[in-house]
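The values are calculated or read from the model by the stated rules, or taken from the named source; none is laboratory data. Because the structure is predicted, anything quoted here is derived from the model rather than measured. Cβ placement follows ideal geometry from the backbone for every residue including glycine, while neighbour counts extend to all protein chains displayed. These area figures cover heavy atoms from the full protein model, side chains too; ligands, DNA and RNA do not enter into them. Shrake-Rupley method; radii C 1.70, N 1.55, O 1.52, S 1.80 Å.
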Amino acid sequence: MTIPLQADALNISFKLVPAIMVFLMMASFLVIGYVFKVADAEGMWVAGRGIGNVENGMAIGANWMSAASYLGLAGLVALAGFYGLAFIVGWTTGYFVLLIFLAAQMRRFGKYTAPDFVGDRFNSPLARALAAVTTLLIAYVYSVGQARGMGLVGQYVFGLDIIPMIVVMMTITVGYLALSGMLGATKNMAVQYVILIIAFLAGVYVVGFTQGYSTVLPQIEYGLLIDDLSHHFSAPFQGGSTYYLWVATAFSLIFGTCGLPHVLVRFYTVENERTARWSTVWGLFFILLLYWAAPAMAAFGVDLFAKVNEIAPSAVFTGEQAMSGSEADVIVVLAAQFANLPEWFVGLVAAGAMAAAIATTAGLFITASSAVAHDIYTELINPDATQRQQVLIGRLTIVAMGALVTVTAFNPPALIGELVAYAFSLAGIVLFPMFFLGLWWENTNQKGALAGMSVGLLIWITSIINSVLPKYVDFLAEASGSTTAIVPLYAQYVPPIGAALVGTPVVFLVTIAVSLATPEPPLETKQMVRQCHSPEPMGQQESAEDVIADGGETPGDD
């Protein structure tokens with residue numbers, strides 16, 4: 001359970017200028033969603049495959065710069081110090097793996113969704129269903145953190161309790177998504193990225209300069225503060241973190257990045273594989289701008305928190321006046337406020353956080369709606385569904401997901417950044433091995449995929465039950481005698497936040513072993529995999545399956 005924000009710490013009250021800024025920003029999102037509203041499946045799921053590399057890179061950046069990045073990343077570094085750097089390492093390194101191994105190949109395969117890829121690559125409706133369920137779980141867990149971030153920022157701007165703020169902000173978000181689909185969401189993401197990066201960098205530079213921490217390079221100059229901020233902040237593995245947990249967290253975030261459906265679907269929205277690669281490069285650049293600066297904002301925030309509360313830096317982490325988890329989650333806004341910057345400027349920083357949360361929620365909800373409408377309803381339940389029916393089911397899914405996420409965000413089980421990491425573990429364990437082996441080893445077959453995904457889901461679910469649910473389910477806590485973990489040894493080596501370190505290699509081994517022990521996939525499937533690595537260009541609306549059906553040659557057929 002997160003601790004409620006202290007009203008005097010965050011100055012929770014109605015602020016006219018910030019409220020106007022947030023209102024205009026939200027209104028602009030609704031207008032853009034209306035202008036680019038869609039009526040067909042192509043526009044709803046993949047934006048007509050016509051997005052350019054810079055615009056798609058900005059959408060990747062906005063899709064990625066969630067509340068966990070804008071707010072939670074600095075909060076994690078502020079509370080966990082050195083351990084928080086595992087999130088920066090993990091969330092950036094994953095894009096290099098995507099760039100090298102998956103971006104162009106996924107675009108050449110040319111489907112609508114991540115479960116679409118799994119179902120068609122492994123010729124299995126059950127594999128498609130497992131991938132769709134996994135996609136829904138990822139979207140749900142990931143979005144809870146975003147909704148919480150919206151509520152925290154809404155508290156600051158409008159002065160209301162966090163629960164009504166979560167409800168209002170999520171209602172607006174769901175409204176524009178249900179209207180616009182992927183095309184409108186992509187256009188909005190480009191706008192949202194501009195807002196959030198200007199707001200964040202302005203906050204870092206202005207706080208650093210006005211408080212004497214930095215001049216032109218706060219991303220480097222903040223290092224002078226480290227020695228003054230306490231042993232906890234700067235020394236490795238303080239506060240309960242360990243070397244194993246650092247490695248496990250970074251590993252899960254790296255390969256979880258490569259398995260996130262709302263990231264991979266960005267490669268389906270572009271016209272060709274070259275644009276997919278350059279989208280990744282641009283996206284990584286846009287992400288770098290924020291991630292390079294986040295530790296500086298954390299350092300500034302910790303020092304200002306200590307000064308405002310008249311405590312030693314070490315007391316920020318322990319004691320009666322220590323920073324709470326909720327305060328850490330909004331350290332970016334707190335730092336601007338504690339620096340006595342104008343209210344409108346603090347409002348700008350807060351508006352950036354709102355844009356970040358909404359952009360990521362958009363991507364997550366679109367992938368969740370496509371998993372239900374396209375991969376479950378159309379592919380498994382009603383193959384004759386019209387495009388109108390698909391879009392309707394997709395919009396109903398967005399509304400239902402929004403209601404569930406909203407209720408869960410009232411009392412989330414962890415900090416924003418930690419919640420998001422749970423989703424990364426799931427993606428890294430279950431989906432990444434299917435994408436990687438499906439594209440790079442043509443002999444991966446249906447039975448291997450089903451076995452691997454089933455084992456992966458089992459590992460992740462047992463980790464959540466073991467380490468997260470005892471805090472909420474009384475009989476589990478009573479049975480284990482602890483609210484921390486049912487089986488402490490399992491929690492130590494398979495923590496929800498870093499479960500992929502054990503889970504991903506196990507899923508790879510199971511998938512490979514079962515594939516080797518069972519018949520190879522059909523020749524047509526192998527040809528599709530080879531086509532994903534062909535040097536021959538493909539048309540904007542073509543997929544690997546189309547090329548094979550038309551009699552096109554693949555590298556292995558020469």
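Strictly greater than 17 Å: what percent of every Cα pair in the range 356-413 meets that?
On the way: 701 of 1653 pairs.
Roughly 42 percent, once rounded to a whole number.
Can you work out the FRET efficiency for the pair Phe96 and Glu478, with r the C-beta to C-beta distance and R0 = 45 Å, to the nearest 0.05?
Values: r = 46 Å, r/R0 = 1.02.
For Phe96 and Glu478, the calculated efficiency is 0.45.
Determine, from the Cβ-Cβ distance of Trp344 and Glu524 and an R0 of 60 Å, the FRET efficiency 1/(1 + (r/R0)^6), rounded to the nearest 0.05.
Numbers: r = 61 Å, r/R0 = 1.01.
In this case the efficiency is close to 0.50.
Computed on alpha carbon atoms, what radius of gyration and Dmax characterise the range 170-285, expressed in Å?
Answer for the range 170-285, Rg first and Dmax second: 19.6, 51 Å.
How large a share of the accessible area of the range 100-241, in percent, is made up of carbon and sulfur atoms when the probe is 1.4 Å and the other protein chains stay in place?
On the way: 3100 of 4360 Å².
In the range 100-241, the share of accessible area belonging to carbon and sulfur is 71 percent.
Working from the pairwise distances between different alpha carbons, so that the mean of 1/r is found and then inverted, what is the range 227-346's Kirkwood radius in Å?
17.4
Sorted from largest down, what three extents in whole angstroms do the Cα atoms of the range 220-261 have along their principal axes?
Dimensions of the range 220-261 along the principal axes of its Cα atoms: 41, 25, 11 Å.
Leaving out ligands and nucleic acids, note down the accessible area per residue over the range 373-449 with a 1.4 angstrom probe, in whole Å².
Working: 2720 Å² over 77 residues.
For the range 373-449, the per-residue accessible area is 35 Å².
Using 0.36 nm per residue of separation minus the Cα-Cα distance, give me the extension gain between Gln321 and Ala513 in nm, one decimal.
Numbers: separation 192, 0.36 × 192 = 69.12 nm, distance 5.42 nm.
Length gained between Gln321 and Ala513: 63.7 nm.
Spin-label point model (7 Å from Cα, Cβ direction): what's the Leu217 to Val247 distance in nm?
Taking the two extended label points, one gets 3.2 nm.
R0 = 35 Å: FRET efficiency of Val399 with Leu126, Cβ-based, nearest 0.05? Each step should come with its number before you reach the end.
Numbers: r = 28 Å, r/R0 = 0.79.
Efficiency at R0 = 35 Å is approximately 0.80.
Which of the peptides 258-266, 19-27 is most tightly packed, and how do the rest follow, going by the mean number of other Cβ atoms within 10 Å of each residue? Kindly include the intermediate steps, with their values, before the conclusion.
On the way: 258-266: 27.3, 19-27: 16.2.
Sorting 258-266, 19-27 by mean packing, highest first, produces 258-266, 19-27.
Under 8 Å for C-alpha pairs, at least 6 residues apart: give me the relative contact order for the chain, rounded to a whole percent.
After rounding, I find 29 percent.
Based on the alpha carbon coordinates of the chain, what radius of gyration and maximum Cα-Cα distance (Dmax) apply, in Å?
22.9, 74
Restricting to DSSP H runs of at least four residues, report the calculated mean residue ellipticity at 222 nm for the chain, -39500 (n - 2.57) per run over all residues, nearest 500 deg cm²/dmol. Intermediate results must be reported in sequence, preceding the final value.
Numbers: 28 runs with 373 residues, N = 558.
Rounded to the nearest 500, it is -21500 deg cm²/dmol.
Over the range 327-367, give the accessible area per residue in Å² for a 1.4 Å probe, as an integer.
Normalised by residue count, the accessible surface of the range 327-367 is 15 Å².
At a threshold of 8 angstrom on Cα-Cα distance, excluding pairs fewer than six apart, so keeping six or more, what relative contact order does the range 249-357 reach in percent?
On the way: 47 pairs, mean separation 17.8, N = 109.
Rounded, it is 16 percent for the range 249-357.
How far, in nm, would the chain grow between His533 and Arg274 when pulled straight, counting 0.36 nm per residue and subtracting the alpha carbon separation?
Working: separation 259, 0.36 × 259 = 93.24 nm, distance 1.25 nm.
Answer, rounded to one decimal: 92.0 nm.
What nm value, rounded to one decimal, do you get for the distance between Val54 and Val17 when each label is placed 7 Å out toward the C-beta?
In this crude label model, Val54 to Val17 measures out at 3.2 nm.
Report, in debye and to the nearest 20, how large the dipole of the chain comes out about its Cα centre when Lys and Arg carry +1 and Asp and Glu carry -1 on their Cβ. Intermediate values should be presented prior to the final figure.
On the way: 20 positive and 35 negative charges, 74 e Å.
Roughly 360 debye for the chain.
Please give, to one decimal in nm, the separation of the simple spin-label points placed at Ala235 and Ala202, each 7 Å out from Cα toward the Cβ.
4.0
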